[in-house]
Structures are given as structure tokens and as C-alpha cells.
Amino acid sequence: MVWRRRPAYALPALAMVAFAGLLTFSLVRLIQVEQDMRSNVSENMLWVITQAQVASHRLDEEVHRLTLGDPSARPALRYDVLTSRLVLLDEGPQRRYLAALGFAERVDDAFERLAAIEPQLDAIASDAVAVADSIHAELKPLMQDLNRIANAVMVEEWETTGERLDRHRDSTLQVIASVVGLMLCGLALGYLLISALRQRRAAQQALAEHRDQLEVEVERRTQDLEAARHRVAAAIDTAPDAFAAFDTDGRLALVNPKLIQMLPEASRALTLGCSLEHALAVLRECDDNGELEDAANDPRERTLRCDLHIPELGWLQLTMSASRDGGHVMRLADITPYKQATEALQRALQRERGVSDFYRSFAAMVSHQFRTPLAVIDSGLQRLQRRGERLGGEERQQRYRRLRDAVAHMTRLVGSSLTAARLDGGQIEAASTRCDLRQLAEQCCRLHGEASGTSRIHLSPSDDAPIMAYCDPVLVEQILTNLLSNALKYSPDDSAVEVCLGHDEAGIYCAVRDYGRGIDAADQAQLFARFFRSSNATDQPGIGLGLNIARHLARIQHGDIDVHSRPGTGTTFRLLLPHADTAAIETGEAQ
């Protein structure tokens with residue numbers, strides 16, 4: 001048979017429970033005795049009943065004194081005193097006490113008799129013997145009832161007092177027994193305490209010996225861990241990447257020198273002890289790529305991996321993972337060379353695709369657009385060769401002009417094609433500076449009018465204040481020349497072409513408006529696409545490169561071109577350019 005060893009705390013716990021139980025029992029019995037001794041309802045009842053008896057006799061006496069002619073008698077006062085005594089008997093614990101003795105109805109009868117006496121008080125006078133006898137007849141049964149109630153209360157008090165003494169004796173014996181039990185429990189607890197102190201002393205000695213052994217073992221293990229830590233720290237310090245370690249509470253515990261070298265400004269805010277959330281917030285402020293903004297609100301829940309772009313430093317790859325002990329390790333690797341190589345490859349691929357698309361389109365355009373002017377030149381030269389001697393001077397000059405127009409058209413085609421090729425190859429860059437757009441527009445309008453021999457171009461009058469834009473004047477002149485050529489080409493010869501300048505929230509603008517045939521709404525969405533021509537412009541020469549080149553030239557200056565047109569009412573092209581002051585602040589150029 002296997003005996004289970006009792007826990008060491010079983011006997012002390014049992015002794016303490018017994019001690020607490022006996023002490024509680026003793027206190028409860030003493031409190032009950034004290035409360036029982038305070039109970040004096042029967043004594044109060046006996047006093048109230050006695051006072052009521054006295055008040056009833058005095059009322060009867062005052063009534064007879066007043067009847068015999070004594071003017072100092074005051075039966076009404078004695079009536080009020082008797083009524084107050086009976087009211088005390090009819091309220092609270094007195095009422096319940098009398099009800100328990102069976103006298104509640106007699107108290108009610110007493111009130112009824114008082115109610116019968118009250119109207120007779122005013123009729124009492126000298127020689128009113130009949131009224132006095134009537135009041136006495138009502139008071140006599142009341143006094144008898146009060147006498148019976150007093151006797152019953154006294155008997156009940158004697159019996160209650162005897163029972164109370166018996167209970168006090170029993171409670172006293174129980175308290176004495178409890179005190180004896182408390183003494184025995186105290187002795188048991190003292191014995192257990194002494195035994196526990198002896199065991200504690202022995203355990204302390206054994207613990208001291210074991211502690212000495214543990215200290216030796218811990219010292220040896222600590223030396224091994226310290227050596228391993230130095231090896232790991234040396235490896236981290238010499239690593240080509242930046243590392244930061246966070247403890248289980250998410251506090252920064254370790255930073256290698258590469259992080260300080262890689263992020264000199266941000267590392268000042270990454271002090272030891274800062275939280276993981278604070279470190280990520282510092283990196284978000286440095287990053288303008290936006291990938292870190294999409295990370296989870298609580299990065300401790302998963303592994304984090306994203307690319308950061310730090311202005312003036314380059315690209316960094318952030319990798320963060322949780323360790324086995326609940327901490328986190330953050331790694332920052334410089335991937336700028338890889339990003340630059342990737343972007344260079346993407347640009348080269350995009351440029352190669354653009355060049356390939358351009359040459360395919362150029363080949364199609366050459367086969368279609370160049371055929372007409374070449375045919376005109378060939379036809380004109382053959383006629384001059386066959387009939388040159390017979391042609392008059394005016395007709396010969398007219399044929400010469402046609403040949404020159406065909407050659408000029410081919411020249412424009414080749415120029416536009418070469419400009420498009422240079423744009424695709426990234427060979428055109430904007431040399432933007434502060435320019436007065438009003439002077440550029442006036443010069444373009446004047447030169448274009450002189451070259452075309454027309455006076456249809458009108459620059460809207462305004463004040464002479466300069467309108468300063470941040471742009472490349474050569475590229476702006478090329479854009480305005482294209483817009484003016486289109487406005488003259490696609491509008492009647494007797495209509496005006498208006499050029500107006502201004503500025504709004506978007507920046508500086510130059511608008512070219514004609515009153516020609518307009519552009520369909522369906523064609524406006526593709527109007528700036530390469531080689532696209534509107535459905536109502538096929539009767540005019542062109543290859544669909546002018547507006548495409550103009551928009552590209554505007555955008556490389558951080559501007560744009562928009563169009564507003566309605567068929568039959570004309571078209572407005574608007575060149576948008578950055579304001580000189582705003583662009584200077586953004587680019588850091590001195591104003």
C-alpha cells in the first residue's frame with residue numbers, strides 16, 4: 001500500500017483554519033449576547049402602559065373636579081396626554097409586541113373610546129353629572145384593558161428575562177470552550193512554526209551550497225556566451241549591410257556602425273531604447289518611395305520586406321523578421337547599383353520599343369506621305385524637261401513654286417520625323433530658365449506672319465507687364481510655331497487667329513484660338529497620339545506628328561497642352577508652363 005506524503009502546509013493550514021473558525025465563533029456569540037442585553041422593548045412597554053394608566057386616571061379625576069366646580073381642572077389637556085400615550089403603544093415595535101401578546105384589538109378599542117369621549121369634553125360643566133358619568137363609563141373599560149395589558153407585559157418580561165439568562169449562560173460556556181480551543185490551536189501553530197524554522201535553516205544551508213555550484217557554472221557559461229557575443233558583434237560590425245536588433249519589448253538594443261554610416265541623419269533619432277514603431281516612423285520620413293507606408297500597423301505580426309528610396313543616398317532594401325525569443329532584427333542593404341541597372345535596362349527597353357515603333361510608323365508614313373510630294377516633283381521636272389522651252393516666264397515660275405512647296409513639305413516631314421526620333425531616343429532636353437512669355441509670343445507671331453505672308457495672327461492686347469515662365473525659349477518657339485501653323489491651316493483665309501496670354505492656378509498659359517472647322521469630340525481624346533489625324537482634316541497635308549511633338553516638348557518642360565474645340569466654331573490650343581517663381585523655389589534656382 002502506497003502512502004501519499006501530506007503537503008508541508010497541510011497541518012499549519014488546518015490549525016489556522018481552526019483558529020480563525022473558533023475566534024469567529026467566539027466573536028459572534030459575544031456580539032449576540034451584547035445585542036440581547038440591549039433589547040429592552042418589554043421594559044419600554046411597561047413604562048408606556050404605566051403612563052397610559054396614570055393618564056386615564058388623571059383624565060377621570062379632572063372631569064369630576066370640573067363637575068364639582070373646580071375652575072383649575074383641565075380635562076382637555078389630560079385627554080391629549082392620554083391620546084399621546086396610546087399613540088406610542090400603537091406605533092413601531094410596541095404595536096408588534098402587543099400584537100404578539102394578543103392585545104392589538106384592545107388598543108384599537110381604546111382609540112374608539114377616546115373618539116367617543118372627545119365630543120363630550122366641551123359639554124363638561126358644573127353640576128354636569130350625567131356627562132361625567134358617561135365619560136367615566138367610557139374610561140373604566142379602557143383602564144381595565146390597560147391594567148390587563150400591564151399584567152401580561154410584566155409576566156412576559158419575567159419569562160423573557162429567564163430565557164435571556166439561560167442563553168447568556170450557554171453563550172458564556174461556548175465562548176470559554178472556544179478560548180480553550182484557541183489556546184490549543186496557538187500551541188499547535190507555535191510547534192509548527194518552530195519546526196518550519198528548523199526546516200528553513202536546513203534548506204537555506206542546502207540552497208547556499210547549491211548556489212555556490214550554480215555561480216561557478218553560470219560564470220563558466222557567461223564567459224562562453226560573452227565570447228560568442230563578441231564574435232557575433234564583430235561579424236555584425238564588419239558586415240556590409242546595416243543591422244538593428246530589437247528586444248522582446250520592441251526596444252532598440254543594438255545598432256552596427258554601418259547603419260550610422262548609411263543613414264547619418266536618421267541614425268541620430270534611432271537612439272538605444274527607442275521603440276520599433278518609432279524606428280519605422282523615422283524610416284518613413286526619410287523614404288519617398290511609399291512602400292513602407294503600406295506596411296501593417298503592427299509590424300511585429302509578420303515579416304516586413306520593402307524597398308526604400310532615400311534622397312541623396314539612393315535605394316535601400318529593408319528586411320525585418322522576428323527572432324525566436326520574440327525580438328526583431330532589421331537589415332538595410334544598399335541596392336542602389338541594382339536599382340540603377342534595372343532602371344537603365346527599363347529605359348533602354350522603353351527607348352528600344354519607342355524606336356522600333358517609330359521606325360515601323362516612319363516606314364508606313366514614308367510609303368504614303370513622301371510618295372505624293374515626290375510624284376509632284378517628278379511630274380513637274382518631266383514637264384519642264386519636255387516643254388520648258390515653250391513655257392512662258394509666269395507659268396515657269398508657277399511650276400518652280402510648286403516644286404519648292406513640295407520640297408518644303410518633304411523637309412517638314414523629315415524634320416518632324418527626326419524630332420520624333422530624337423524625343424524617342426531621349427536626345428532632347430529642356431534648358432529651362434526664366435523667360436518673358438509675352439516677348440516669345442510676340443516674336444513667334446511676327447516671324448510666322450512674315451514667313452506665311454499673312455496678317456491674320458493677332459496677339460490680344462494687355463498690359464506691358466512681363467509674364468515670367470520657367471521654360472526653354474527654343475522649345476516654346478517650336479511649339480507655338482506648330483500651333484500657329486495648324487490654326488492657319490485649318491481655318492478660313494479671311495478669319496483671324498487670336499493669341500492670348502495669362503496665368504491661373506495651374507501656371508502660365510499661351511492660348512491659340514482659330515475660328516475654323518473645329519474637332520469632333522470623339523477625335524479629341526486621340527488628338528495628341530502619334531500619326532493620328534482628325535476625321536475632318538484629311539483634305540489637308542500632314543502626317544499627324546506636329547501635336548504629338550508639341551505635347552512632348554511641353555511636358556519635358558514640366559508643362560502640357562490641352563485643347564477645347566466644338567465642330568463649326570473653332571479650336572483653342574493652350575500651352576501650359578510653370579510659373580517662374582514657383583519653379584525656381586522647387587528647383588532651388590535663385591529668383
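The values are calculated or read from the model by the stated rules, or taken from the named source; none is laboratory data. Bear in mind the structure is a predicted one, so any value in this text is a computation, not a measurement. Note that we place each Cβ from the backbone using ideal geometry, even for glycine, and neighbour counts take in every protein chain shown. Ligands, DNA and RNA are excluded from the accessible area calculation, which covers all protein heavy atoms including side chains. Shrake-Rupley method; radii C 1.70, N 1.55, O 1.52, S 1.80 Å.
From the list 162, 190, exactly one residue is open to solvent by less than 70 Å² (accessible area, probe 1.4 Å), free of Cβ contacts under 8 Å to residues at least 40 places away in the same chain, within 20 Å of residue 14 (Cα to Cα) and not polar (S, T, N, Q). Which is it?
Numbers: 162 fails: within 20 Å of residue 14 (Cα to Cα).
When all the criteria are applied, what remains is 190.
Meeting the requirement of 1 or more residues that are open to solvent by less than 60 Å² (accessible area, probe 1.4 Å), closer than 30 Å to residue 164 by Cα and among the polar types (S, T, N, Q), the helices (runs of 4 or more DSSP H) wholly within the range 40-129 are 41-67, 92-101.
Would you check if residue 547 is modelled with pLDDT under 90 and surrounded by 19 or more Cβ atoms within 10 Å (Cβ to Cβ)? Yes; evaluated as a whole, the condition is true for this residue. Of everything in the range 256-277 that is at pLDDT below 80 and either closer than 14 Å to residue 329 by Cα or not assigned by TED's automatic domain parsing to the domain that holds residue 317 (or both), the residue that is farthest from the chain's Cα centre (by Cα) is 256. Taking residues in the range 70-99 that are within 18 Å of residue 136 (Cα to Cα), and partners anywhere that are outside any helix (DSSP H, G or I), the pairs with Cβ atoms closer than 7 Å and at least 6 places apart or on different chains are 75/124.
May I ask you to list the residues in the range 464-480 that are more than 25 Å from residue 495 (Cα to Cα) and of a type outside the set (A, V, I, L, M, F, W, C)?
Here is the first cut: in the range 464-480, the residues more than 25 Å from residue 495 (Cα to Cα) are 464-475.
Answer for the range 464-480, where residues must be more than 25 Å from residue 495 (Cα to Cα) and of a type outside the set (A, V, I, L, M, F, W, C): 464, 466, 470, 472, 473.
To keep it simple, each residue is scored yes or no on (1) assigned by TED's automatic domain parsing to the domain that holds residue 97; (2) of a type in the set (Ser, Thr, Tyr); (3) assigned to a helix (DSSP H, G or I); (4) in contact with an Asp or Glu (Cβ under 9 Å, 6 or more places away or on another chain).
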site: 157; (1), (2), (3), (4): yes, no, yes, yes
site: 161; (1), (2), (3), (4): yes, yes, yes, no
site: 164; (1), (2), (3), (4): yes, no, yes, yes
site: 169; (1), (2), (3), (4): yes, no, yes, no
site: 172; (1), (2), (3), (4): yes, yes, yes, no
site: 177; (1), (2), (3), (4): yes, no, yes, no
site: 184; (1), (2), (3), (4): yes, no, yes, no
site: 191; (1), (2), (3), (4): yes, yes, yes, no
site: 194; (1), (2), (3), (4): yes, no, yes, no
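Applying the set (1) assigned to a helix (DSSP H, G or I); (2) at pLDDT below 75 to residue 350 leaves exactly one unmet item: (2).
Here's the yes/no breakdown for (1) over 21 Å from residue 577 (Cα atoms); (2) at pLDDT 85 or above; (3) open to solvent by less than 40 Å² (accessible area, probe 1.4 Å):
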{"site": "445", "(1), (2), (3)": "no, yes, yes"}
{"site": "449", "(1), (2), (3)": "yes, no, yes"}
{"site": "453", "(1), (2), (3)": "yes, no, no"}
{"site": "457", "(1), (2), (3)": "yes, yes, yes"}
{"site": "466", "(1), (2), (3)": "no, no, no"}
{"site": "470", "(1), (2), (3)": "no, yes, yes"}
{"site": "477", "(1), (2), (3)": "no, yes, no"}
{"site": "489", "(1), (2), (3)": "yes, yes, no"}
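Scanning the range 500-534 for residues that are part of a loop (DSSP other than H, G, I, E, B), under 25 Å from residue 578 (Cα atoms) and either modelled with pLDDT of 90 or more or touching a strand residue (DSSP E or B) at 6+ places or on another chain (Cβ under 8 Å) (or both) yields 506, 527, 528.
With 179, 218 as the choices, which residue is of a type in the set (Val, Ile, Thr), modelled with pLDDT of 85 or more and over 39 Å from the mean Cα position of the chain (by Cα)? Talk me through it step by step, then tell me what you get.
On the way: 179 fails: modelled with pLDDT of 85 or more.
Being of a type in the set (Val, Ile, Thr), modelled with pLDDT of 85 or more and over 39 Å from the mean Cα position of the chain (by Cα) holds for just one of 179, 218, which is 218.
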